[in-house]
Each structure stands twice: as C-alpha cells, then as structure tokens.
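First up is the structure itself, then whatever we jot down about it.
The values are calculated or read from the model by the stated rules, or taken from the named source; none is laboratory data. Keep in mind the model is a prediction, meaning the values are calculated, not measured. Neighbour counts are summed over all protein chains in view; Cβ atoms, including those assigned to glycine, are modelled from backbone coordinates with ideal geometry. Accessible surface is based on the protein model in full, side chains and every heavy atom, while ligands, DNA and RNA are left aside. Shrake-Rupley method; radii C 1.70, N 1.55, O 1.52, S 1.80 Å.
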Amino acid sequence: MHRSDFPILAREVYGKPLVYLDNAATTQKPRAVVDAIAAEYYNTNANVHRGVHFLSQQATELHEAARERVRRFIHAAETAEIVFTRGTTESLNLVAYSYGEAFLKSGDEVILSVMEHHSNIVPWQMLRERKGIVLRVIPMDDDGNLDLEAYERLFSPRTRLVCVAHVSNVLGTVNPIARLCAIAHSHGAHFLADGAQSVPHFAVDVQALGVDFLTFSGHKMYGPTGIGVLYGRRELLEKMPPYQGGGEMIKRVSFEKTTYEDLPYKFEAGTPDYVGSNALAAAIDYIEGIRRDVISAHERELLHYATEQMLQIPGLHIYGRAAEKDAVISFNIEGIHHLDLGTLLDRLGIAIRTGHHCAQPLMDRCGTEGMARASFALYNTREEVDTFVEALQRVRRMF
Ligand code: 7TS
C-alpha cells in the first residue's frame, strides 16, 4: 500500500525490481518527508532560538511545533519531556551518562535484557567502568520470551533502573513493557523502554505504559536520519545534569559560573537539527494519515504470510517464535552461510540484513554467529514476500 509515495521503491538494482526488506535497519522516505526537508531549506532556513528576524522565528516555530507533534504522537504529558537527539543511540547514551551522574553510585544495579541492541548495552558498560555499577541480565526462553520469574529474582535493594527493548530488532518479540515497568516500579526502580523498533510500527503511549524513559529514531519511522527522541519524565529530567555543554543549553554564562536552560533545552547543546525535527513531524503526519492500526495490521499480516511460507523450506530455522511478535523474521538455512544468503538475494534485487544485528550477546544465546533477517514496513506487499521466498528456494537448490 502507498508504494507510489516512496519514489525509491520504483528503482531497479542489477536490472531487477527492488524488494526492500531491511526496514528494521532503516525505512525508505515518502515524498512528504523529502519535500518537507527541501521546502525548509528553500524557504525558511535560519538558526533557531536566537534570531529576532523573521526566518529565525519561523524556523523556531516549525521546530517547536515538531516537538508538540512528537509529544502528541507518544502521548507525553508536556513538551518539556521531549528531547531531540541524533537518534536512539544518542538518547541511550544521554540517559546512561546523565541518569548515571544523578542517580547511580558504585554497587547500584541496572537490569538489561539478553535481547538488547548494543546501543542499550555498551553505554551501560562504559558507566560500569566509570562508576562501578553492576549489570544484571534478564534471560529468555527458546521462543524469545523474556523469563518474567527470573526477572523478578534479579531485583535487589540496589536495583535502580531497568532498560529493555520494546521490540527486539532480531526476534521481533514484543516485550510486555507495561508489566515489566510495573514490576520495576514496585521495586522502587525506574524503567526505560527502547522504542526504536516499536514506535515505527504501532501506537506507543508513554503514559499508558508507565515508562520513565522512551528512546527512538526518526529514520526507522519514515523520517530523516540524524534526528531522534528521548522522552523522559520531567521529575527525572529535572534532576539529571546536562549531557553536553554549549550554546542553546544555558541561561547565563560567566567564567565563574554558568546556569542551565530549562527543560528540554538543558539537554540540547548546539544548533539542533531543526530541519530534521520538522521532517520527523512530516513523517508522523504521514503515519497518522494512514493510521497506525492499519499499518500494524498490514505488517502483521505480511509477517504471518511470510513465516508460513518460509517454514515450508527444508532446513530453514526461524529465530523468535514469541506469541507477541512484530514484523521481523531472523533465520538461517542449514548449510548456507547467512552472508552468502544475503549476497545471493541481493543479486536478485532483494535487500535483507545479515550478520549479528548489533546484538552479539543474543547471537551467543541463540548459538550462532549471525543470521539473515527480513523486516517489513507499510509499503511491502505479499508479492514481494513471494519473490523473497522463491529466491530462498532458489538459493537453497544451488547449495
Ligand atoms: N535499539 C534497537 C532496538 C535498534 O533496533 C536499533 C537499531 C538501535 C537501538 C539503534 O538505533 P540508531 O538509530 O541509533 O542506530 N537497529 C538496527 C538494526 O536492527 N539494523 O540496523 C540498525
């Protein structure tokens, strides 16, 4: 559906129609988003929050309207809780650094899950190096469901924070965030959900989930690269120190003492990506124009259709069989290296991801060095799934 909104989908690679199934890595952009970028550079471009002049004021209005657009999209209580960042990775590093400074001492514990992306592991390990915090890991069963009983047992009086992916970028598991979060709160710990793979696919309401932090990236939800969001509850953000220093984030600077701006600007040092924020708002408009429940139903339908067909292929193993699963299928075919699989599919015009998917601890848990992965977006079709499955069969016959 809506394929004609995405000019890139009409192109060919190696003389074959492009079948783009690497959407968990990044999505393609609709004309509305690219046009928003061009329109701002052509008509409105000026630095924000500093000019008295017309263009600067207009650019500032667009940037702040985008913040309000994001607030409504995830149902945050106020725009002060919406911090623009470069993406999920920067949002997670911001929390690890700044929450770590404000709330964590040597011996304090942070709980992660075995299915985290490296960007929700490494910043915490860097904090461990600096502060001597302790990391604990929620295990999962062979279907890719987190073990909730084991989770409960990980809590101690020193547990301060739990950080879990809403949707696994490898297994597609939709983790029960509201429940995980309620359990964390009952132990007096805070909760961060990494929404990089959930916000693009279904409605995420930070107040309904009860989370203290949510992170996501514009480029995985039909928006531009270089812009992302950190949602944080005001009460916590107020207590957290700035992550970077510079322009925009100060009230008054002297060589003796500097006072910081109010939220959210305290966390936005330097010229922000105001063109990116406006284009992200265009992406949100685009998503809501189609409706998130419609997108989600379409993607789940493709997921089930593809899964059924792939399971007919002898020797094909799918990783992640959780009951609540989103539009990602990671797999291997016996006797074929995932890299060879990806390379051969590429020659047929089919783009999939191969490798460790930035989740090496999860690869260890699954007993493999890497996997192939197909991931869906709103514009994928059943015909593309057919092409993909036929290609898998063809590759299998070659080996
Ligand atoms: N968290 C999750 C769950 C992700 O899937 C990703 C990116 C990130 C964080 C980091 O997002 P970034 O926008 O800051 O890079 N995941 C993937 C992927 O699955 N393939 O390429 C990137």
List the trypsin sites (Lys or Arg not before Pro) within the range 1-102 that DSSP assigns to loop and that have no more than 13 neighbouring Cβ atoms inside 10 Å. ARG11, ARG50
Per residue accessible area of the chain, 1.4 Å probe, in Å²: 42 Å²
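Does the range 15-167 classify as rounded, prolate or oblate by the C-alpha gyration tensor (a ≥ b ≥ c root eigenvalues; a/c under 1.5 gives rounded; else a/b over b/c gives prolate, otherwise oblate)?
It comes out oblate by the Cα gyration axes.
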Taking a probe of 1.4 angstrom, what is the accessible area of ARG382 in Å², to the nearest 10? 100 Å²
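Just check the range 247-399 against the gyration tensor rule for me: Cα atoms, a ≥ b ≥ c as the square roots of the eigenvalues, rounded for a/c under 1.5, and otherwise prolate or oblate depending on whether a/b exceeds b/c.
It is prolate, given that a/c is not under 1.5 and a/b is the larger ratio.
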Within the chain, helix-based [θ] at 222 nm, where runs of 4 or more DSSP H residues each add -39,500 (n - 2.57), nearest 500: -12000 deg cm²/dmol
In whole Hz, what ³J(HN,Hα) sequence does the range 90-100 give by Karplus (6.51, -1.76, 1.60; θ = phi - 60°), x for Gly and Pro? 5, 4, 5, 5, 4, 5, 4, 5, 7, 5, x
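Please state the charge dipole magnitude for the range 213-273, taken about the Cα centre, from unit charges on C-beta atoms (+1 on K and R, -1 on D and E), reported in debye and rounded to the nearest 20.
It works out to roughly 140 debye.
May I ask you to compute the full-extension gain from ASP143 to LEU55, defined as 0.36 nm times their residue separation minus their alpha-carbon distance, rounded to one decimal in nm?
Full extension of this stretch gives 26.3 nm more.
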The range 301-354 - percent of accessible surface contributed by carbon and sulfur, probe 1.4 Å: 49 percent
Given labels modelled 7 Å from the Cα in the Cβ direction, how far is it in nm from ARG3 to GLU129? 4.7 nm
So how exposed is PHE399, as accessible area in Å² (1.4 Å probe, rounded to 10)? 120 Å²
Taking a ≥ b ≥ c as the square roots of the Cα gyration tensor eigenvalues, with a/c under 1.5 meaning rounded and otherwise prolate when a/b beats b/c or oblate if not, the range 151-304 comes out oblate
First select every other residue whose beta carbon is under 11 angstrom from the beta carbon of ASN169; then total the charges, Lys and Arg +1, Asp and Glu -1. 0
Hey, with R₀ at 51 Å, roughly what FRET efficiency would GLU64 and ILE313 work out to, going by the Cβ-Cβ distance, to 0.05? 0.50
The range 102-233, accessible surface, carbon-and-sulfur percent (1.4 angstrom probe): 51 percent
Just flag the GluC sites (Glu not before Pro) in the range 246-298 sitting in loop per DSSP whose Cβ has no more than 13 other Cβ atoms within 10 Å. GLU256
Just how many pairs of Lys in the chain have C-alpha atoms closer than 27 Å, counting pairs that are eight or more places apart or on different chains? 18
Relative to a virtual label point 7 Å from the Cα of HIS187 in the Cα→beta-carbon direction, which members of the range 91-126 show backbone nitrogen distances below 11 Å? 109-112
Cα-projected label distance for ALA351 with LYS251, points at 7 Å along beta-carbon direction, nm: 4.7 nm
Report, for the range 71-225, the % of DSSP beta bridges that are antiparallel, rounded to 5. 10 percent
Unit charges on C-beta of K, R, D, E only; dipole of the chain, Debye: 460 debye
In the range 2-45, if the dipole is taken from +1 on Lys/Arg beta carbons and -1 on Asp/Glu beta carbons about the Cα centre, which of VAL13, GLN28, TYR41 is farthest to the positive end? VAL13
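Report, as a whole number in µm² per second, the diffusion coefficient that Stokes-Einstein gives for the chain at 20 °C and 1.002 mPa s using the Kirkwood radius over alpha carbon pairs.
The calculation lands on 97 µm²/s.
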For the residue pair ALA38 and ALA150, what label-to-label distance in nm results when each label sits 7 Å from Cα along the Cα-to-beta-carbon direction? 5.1 nm
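Relative contact order for the chain: what is it in percent, counting Cα pairs under 8 Å that are at least 6 residues apart? Write out the running numbers ahead of the final one.
Values: 781 pairs, mean separation 91.8, N = 399.
Across the chain, relative contact order equals 23 percent.
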